[in-house]
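The structure appears right after this line, and notes come after that.
The values are calculated or read from the model by the stated rules, or taken from the named source; none is laboratory data. This structure is a prediction, so every number in the text was calculated from the model and none was measured. No Cβ is skipped: glycine too gets one built from the backbone with ideal geometry, and neighbour counts run over all protein chains shown. Ligands, DNA and RNA are stripped out before the accessible areas are found, and what is left, the full protein with its side chains, is counted by its heavy atoms. Shrake-Rupley method; radii C 1.70, N 1.55, O 1.52, S 1.80 Å.
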Amino acid sequence: MGRMTATPSPSPATDPSAGATRRVLLAAPRGYCAGVDRAVIAVEKALEQYGAPIYVRHEIVHNKYVVQTLEKKGAIFVDVTAEVPEGSIVMFSAHGVAPTVHAEAAERGLATIDATCPLVTKVHKEAVRFAKEDYDILLIGHEGHEEVIGTSGEAPDHITLVDGPEDVARVSVRDESKVVWLSQTTLSVDETMETVDALKEKFPQLLSPPSDDICYATQNRQIAVKKLAEDAELVIVVGSKNSSNSIRMVEVALDAGAPAAHLVDFAHEIDEAWLEGVTTVGLTSGASVPDVLVDGVLEWLAERGYADVETVKTADESITFSLPKELRRDLRAEAAALSAK
């Protein structure tokens, strides 16, 4: 974790109409995490290598702009494997899929590229390991989220979903000495630990995963948005409505004391009424959001007098993930063929 940098104190004036300096506090880190970057590049490389169409099971990442951009390039997003024509190429999204989906693809003779985020794969492997050791696994996450469906599918007979602290009362296990918790990677850190505390109260011998399941990028972005909330009267989070980590950032900002916080996909979705009486706007973006969308919001705000932009840095991120092995193998073969010419 990088050192937090000092943030300038807020302007004493609170009414922009009184001539106070209007400013934007821009969070760093924000936007693309390593898993999203890898997944988006994987679709682009597959389209370059094999040509359109490339089928993708579910949205490759939860961002409207990214999905629309890739569709224009030739990606086709499908909800179920049966929608993919036999003999085609299908890519699995960053959120991961259950083993049954891999089996379905094999039955249809599909060539597969697995773009599951390595941090999600880590949780899948933990689920498999604890299931083999006959543990009851309490998976903290949101019902219906693709990542939760994929993880649950790794050990359906051993996993019970716990959707928040209020869900703990209904949870039962076979043996209180053999119970472990895992979590969806994109949750609020604070809410997850609240759920864990409630579970530990009910099951004192509850085992924790060997390493934190909530991804580094989710945690870093939540720490950054808390810092913004200290000084900003309004926090804008750029992200899609189906992006779990983006939704959590709005909640974290409000919990940290921001008077107002809103989620938008694009600058034009911002309501000018939100700016009433606001001198300091905090701006950040979810882990599946390209910087072009943040740039659009900065331009929109500058046109309304918020041209002074200060970066609030709370961490350095240098993690990268290699492309899916299927693409790396084929890319290497292509490079070798070109060099032999």
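Quick notes on this structure:
- Shown are Arg38, Arg22, whose ranking by accessible area with a 1.4 Å probe and every protein chain present, most to least, is Arg22, Arg38.
- For Val56, the residues whose amide H sits under 5 Å from its own are Ile76, Phe77, Val78, Met91, ignoring neighbours fewer than 5 places away on the same chain, with H placed 1.01 Å from N.
- Summarising the strand pairing of the chain, around 0 percent of its internal DSSP beta bridges are antiparallel.
- Per-residue Karplus couplings for segment 314-320, computed as 6.51 cos²θ - 1.76 cosθ + 1.60 with θ equal to phi - 60°, are listed in order as 10, 6, 9, 10, 10, 6, 9 Hz, Gly and Pro entered as x.
- Amide H contacts under 5 Å for Val312, placed H, 5+ residues apart: Leu26, Ala27, Ala28
- Counting only Cα atoms, the size of segment 123-183 along its three principal axes is 26, 24, 15 Å, in decreasing order.
- Rounded to 0.05, the FRET efficiency of the Val171 and Lys125 pair, given R0 = 35 Å and the Cβ-Cβ distance, is 0.90.
- Placed amide H near Ser240: partners under 5 Å, 5+ positions off or other chain: Lys64
- Prolate/oblate/rounded call for segment 62-121, Cα gyration tensor, a/c under 1.5 rounded: oblate
- Spatially, segment 166-228 and segment 277-325 are offset by 28 Å when compared through their Cα centroids.
- Counting all C-alpha pairs of segment 126-254, share separated by more than 18 Å (%): 54
- Among the protein heavy atoms of segment 56-187, carbon and sulfur supply 51% of the accessible surface, probe 1.4 Å, non-protein parts ignored.
- Compactness check for the chain: Cα Rg over 2.2 N^0.38 Å is 1.09.
- Of the residues Ile214, Ala115, His145, the one whose Cα sits farthest toward the positive end of the charge dipole of the chain, with +1 on the Cβ of Lys and Arg and -1 on the Cβ of Asp and Glu, is Ala115.
- Sorted from greatest to least, the principal axis extents spanned by the alpha carbons of segment 22-97 come out as 56, 24, 20 Å.
- Surface calculation, 1.4 Å probe, protein heavy atoms: His95 sits at approximately 30 Å² accessible.
- Dipole of segment 280-341 [Lys/Arg +1, Asp/Glu -1 at C-beta], most positive-end residue of Val312, Pro324, Leu338: Leu338
- Accessible surface, segment 176-306, averaged per residue in Å² (probe 1.4 Å): 36
- Rounded to whole numbers, the Karplus 3J(HN,Hα) couplings from phi for segment 154-167 are 6, 8, x, 7, 10, 9, 10, 7, 10, 9, x, x, 5, 8 Hz, using 6.51 cos²θ - 1.76 cosθ + 1.60 with θ = phi - 60°, and x at Gly and Pro.
- Given charges at beta-carbon only (K, R positive; D, E negative), |dipole| of the chain in Debye: 1140
- Segment 207-305: GluC sites (Glu not before Pro) in DSSP loop, at most 10 other beta carbons within 10 Å: Glu303
- One Cα centroid belongs to segment 38-83, the other to segment 91-164; the line between them spans 20 Å.
- Most fluctuating residue given options Ala106, Ala258, Ala42, as computed from a GNM of the chain linking Cα atoms under 10 Å: Ala106
- Accessible area per residue for segment 40-151 is 41 Å², calculated with a 1.4 Å probe on protein heavy atoms, without ligands, DNA or RNA.
- For Ser244, the solvent-accessible surface with a 1.4 Å probe is about 10 Å², rounded to the nearest 10.
- Loop-resident sites, segment 197-294, for trypsin sites (Lys or Arg not before Pro), counting at most 16 other Cβ within 10 Å (DSSP): Lys241
- Three-way shape label, segment 228-341, alpha-carbon gyration tensor, a/c 1.5: prolate
- In loop segments of segment 92-199 as defined by DSSP, the GluC sites (Glu not before Pro) with at most 13 further C-beta atoms inside 10 Å of their C-beta are Glu133, Glu143, Glu176.
- In sequence order, calculated HN-Hα J values of segment 82-94 (Karplus, 6.51, -1.76, 1.60; Hz; x Gly/Pro): 4, 6, 8, x, 4, x, 8, 9, 10, 10, 8, 5, 4
- Among Val235, Val78, Val225, the largest mean-square fluctuation in a Gaussian network model of the chain, built with springs joining Cα atoms closer than 10 Å, belongs to Val78.
- Sulfur and carbon atoms: percent of accessible area, segment 283-338 [1.4 Å]: 52
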